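Written below as structure tokens is the structure these notes are about.
The values are calculated or read from the model by the stated rules, or taken from the named source; none is laboratory data. On a predicted model such as this, the values are computed, not experimentally measured, just so you know. Don't worry about glycine lacking a Cβ; one is built from the backbone with ideal geometry, like all the others, and counts go over all protein chains shown.
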Amino acid sequence: MQTLDLSDPQTRLIVLTGAGTSAESGIPTYRAMNGLWRTHSIQEVATAYGFLNDPALGWRFYSERRVDALAASPNAGHVALADIEERLGDRFLLVTQNIDGLHQRAGSRRVIELHGNLLHSRCTVCDRPPFADDRLYQELPLPLCEVCTDRAAPGMIRPAVVWFGEAIQGADMARVEKFMESAPRGHLVFLAAGTSGVVTPASAFVEDAKRLAAATWLVNLEPPENVGYFQNVLLGASGAIFPALFGVTPG
Ligand code: BV8
């Protein structure tokens, strides 16, 4: 089993994770998701238009996923990422497309949640910051904002996730770019894991990494759409591969 050589103190590691890294925790991936995701198109449940068109459906879908996320535990892959972060410190950055919060529950701190967090909500109208919210909204009435009460109608509360057609936080994109560009040339390792490489802008990060002469690695059950960008492809489960790859003993 291969191990990443991260011994050079100048080498920086950036890891991009997708739904596959939570699969061993029992959370269905988008491609495997049954339930609402299977029977409703992305446009119906994961876009602002879809949500405002049928917020009850939207909240049933996201409440179902909150139940999954709360019932799940971090797997060996999440733990290995927290361990390597401990060892590398500011030479490490984790960017996740996942919204389940499992990386943080495994101990990861240097995490960018590119697509938000399922266990947070925010107002569709006022600019109150996103707030922790693990409540389930499977019945009417749907949640309304208690802060923007000075309006004729308070804003509806929505999951604090980034939907298709919504922009990623500029600060998050800038942080990814800054981390990659700050690595001395030839000392950047880019690793993607558990992602089908379909959704932009996350799926394009490997192209930026290649432009910066990074060593590119992929850990995935099967070759994703953008497999051609990766120099080193390890096919298999992230929970099984990560501990040896990062040289950490499985917990
Ligand atoms: C943006 C949060 C611009 C919500 C998510 C046409 C029309 C409209 C838009 C577009 C379009 N074409 C392109 C776009 C852009 C769009 C996009 O990429 N669409 C895709 C569908 C083509 N992107 C956006 O809209 C983004 N925003 O571009 O903004 C903009 C600029 C200015 C102003 C306004 C707008 C926003 C994208 C974020 C969407 N939100 N999530 C929610 O989750 O409900 S995306 C969601 O789907 C996930 O977060 C994730 O990113 C994606 C699913 O992908 P994966 O994580 O890769 O999961 P998947 O199941 O697909 O694959 C799992 C993989 O793991 C598989 O390969 C499997 O083999 C592997 N695996 C399984 N088990 C394991 C494993 N591997 C290892 N170990 C295992 N055990």
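Out of the residues in the stretch 171-195 that are part of a loop (DSSP other than H, G, I, E, B) and touching a Ser or Thr at 6+ places or on another chain (Cβ under 8 Å), which is surrounded by the fewest Cβ atoms within 10 Å (Cβ to Cβ)? So that I can check it myself, show each step before the final result.
Kept after step one, since they are part of a loop (DSSP other than H, G, I, E, B), are these residues of the stretch 171-195: 182-187, 194-195.
Keeping just the survivors that are touching a Ser or Thr at 6+ places or on another chain (Cβ under 8 Å) gives 183, 187, 194-195.
Working: ALA183: 21, HIS187: 18, GLY194: 26, THR195: 26.
That would be HIS187.
Could you please find all residues in the stretch 206-241 being assigned to a helix (DSSP H, G or I), touching an Asp or Glu at 6+ places or on another chain (Cβ under 9 Å) and not acidic (Asp, Glu)?
Once the filter is applied, which keeps residues that are assigned to a helix (DSSP H, G or I), touching an Asp or Glu at 6+ places or on another chain (Cβ under 9 Å) and not acidic (Asp, Glu), the stretch 206-241 yields TYR229, SER238, GLY239, ALA240.
Which one of ARG151, ARG128 is outside the structural domain of ALA19 (by TED's automatic domain parsing) and under 26 Å from HIS103 (Cβ atoms)? Walk me through how you get there before you give the answer.
On the way: ARG151 fails: under 26 Å from HIS103 (Cβ atoms).
Answer to the check: ARG128.
Counting only residues that are hydrophobic (A, V, I, L, M, F, W, C), within 13 Å of the ligand (Cβ to nearest atom) and in a loop (DSSP other than H, G, I, E, B), which one in the stretch 77-122 is nearest to ALA160 (Cα to Cα)? Steps first, answer last, please.
The initial filter retains those residues of the stretch 77-122 that are hydrophobic (A, V, I, L, M, F, W, C), namely 79-82, 84, 88, 92-95, 99, 102, 106, 111-112, 114, 118-119.
This time we only want the ones that are within 13 Å of the ligand (Cβ to nearest atom), so: 80-81, 95, 99, 102, 112, 114, 118-119.
Now restrict to residues that are in a loop (DSSP other than H, G, I, E, B): 99, 114.
Details: ILE99: 9, LEU114: 11 Å.
Going through the qualifying residues, I end up with ILE99.
Looking at ILE168, ILE241 in this structure, which one is closer than 20 Å to LEU93 by Cα, among the aliphatic types (A, V, I, L, M), under 15 Å from the mean Cα position of the chain (by Cα) and surrounded by 15 or more Cβ atoms within 10 Å (Cβ to Cβ)?
Working: ILE241 fails: under 15 Å from the mean Cα position of the chain (by Cα).
One residue alone meets the criteria, ILE168.
What's the total number of residues in the stretch 198-208 that are buried (at least 21 other Cβ atoms within 10 Å of the Cβ) and over 15 Å from HIS115 (Cβ atoms)?
Qualifying residue count for the region: 1.
Within 15 Å of the ligand (Cβ to nearest atom), surrounded by 13 or more Cβ atoms within 10 Å (Cβ to Cβ) and modelled with pLDDT under 95: does that describe VAL162?
On the way: within 15 Å of the ligand (Cβ to nearest atom): yes; surrounded by 13 or more Cβ atoms within 10 Å (Cβ to Cβ): yes; modelled with pLDDT under 95: no.
No; evaluated as a whole, the condition is false for this residue.
Given (1) assigned by TED's automatic domain parsing to the domain that holds HIS40; (2) aliphatic (A, V, I, L, M); (3) surrounded by 20 or more Cβ atoms within 10 Å (Cβ to Cβ), where does LEU94 come up short, assuming only one miss?
(1)
Check every one of the helices (runs of 4 or more DSSP H) wholly within the stretch 1-73 and list those with 2 or more residues that are among the aliphatic types (A, V, I, L, M).
Working: elements: 20-23, 36-39, 42-45, 48-53, 55-71.
Hits in the stretch 1-73: 42-45, 48-53, 55-71.
Can we say MET156 is farther than 19 Å from ALA48 by Cα and more than 16 Å from the ligand (Cβ to nearest atom)? Before the answer, list the steps.
Values: farther than 19 Å from ALA48 by Cα: no; more than 16 Å from the ligand (Cβ to nearest atom): yes.
When the stated conditions are applied, MET156 does not pass them.
Could you tell me which residue of the stretch 123-143 is farthest from the ligand (Cβ to nearest atom), considering only residues that are modelled with pLDDT under 95 and aliphatic (A, V, I, L, M)?
LEU140
Of the conditions (1) more than 12 Å from the ligand (Cβ to nearest atom); (2) without any contact (Cβ under 8 Å) to a residue 12 or more places away in the chain; (3) within 22 Å of ALA23 (Cα to Cα), THR200 fails just one. Which one is it?
(1)
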